[in-house]
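J.: Can you keep this structure in mind? I'll have questions shortly.
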Amino acid sequence: MTTDTGQVREIAKIIERYVTEHPRAADTVEGIRSWWIAREEPDASLEVVQQALDRLTQSGRLSRTTLPDGTAIYARAAPPGPAAPGTRPPAGP
């Protein structure tokens, strides 16, 4: 079922703002709905929140980690940066 894309966009903005203000935050879709967005969008459905999370994950703004029990945890994606010390970038052609 597809939900109003305007509502999905609004929820995505709220989530992005939250992870900008709390860069180490990580939670499940239920936790995000209850704690990250409830003040601004208390009636947001899990479906809308999930669609916003999917959109943010696909665009690289959030990361998704699946725990051994299948639970998905969402967090701010690590920004692309230089290689870790002691590593080399791939050789060029």
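Quick note: the coordinates plus some simple rules give every number you see, no bench work behind them. Computed from a predicted model, the values in this text were never measured in an experiment. Don't worry about glycine lacking a Cβ; one is built from the backbone with ideal geometry, like all the others, and counts go over all protein chains shown.
J.: For Ala52, what charge total do you get from the other residues with a beta carbon under 15 Å from its beta carbon, if Lys and Arg give +1 and Asp and Glu give -1?
T.: Result for the local shell: -2.
J.: I need the per residue convex hull volume for the range 5-76, using only the alpha carbons, in cubic angstrom as a whole number.
T.: 80 Å³
J.: Could you compute the net charge surrounding Pro23? Neighbours are other residues with a C-beta less than 15 Å from the C-beta of Pro23; K and R count +1, D and E count -1.
T.: +1
J.: Ok, one more. Give me the distance in nm between label points sitting 7 Å out from Cα along the Cα-to-Cβ direction at Ser45 and Asp4, one decimal.
T.: 1.2 nm
J.: Also, quick follow-up: Express in nm, to one decimal, how much length is gained between Trp35 and His22 on full extension, taking 0.36 nm for each residue of separation and deducting their alpha carbon distance.
T.: Full-extension gain reported as 3.5 nm.
J.: I would also like to ask the following. What is the sum of charges, Lys and Arg at +1 and Asp and Glu at -1, for the other residues whose Cβ falls under 15 Å from the Cβ of Gly6?
T.: -3
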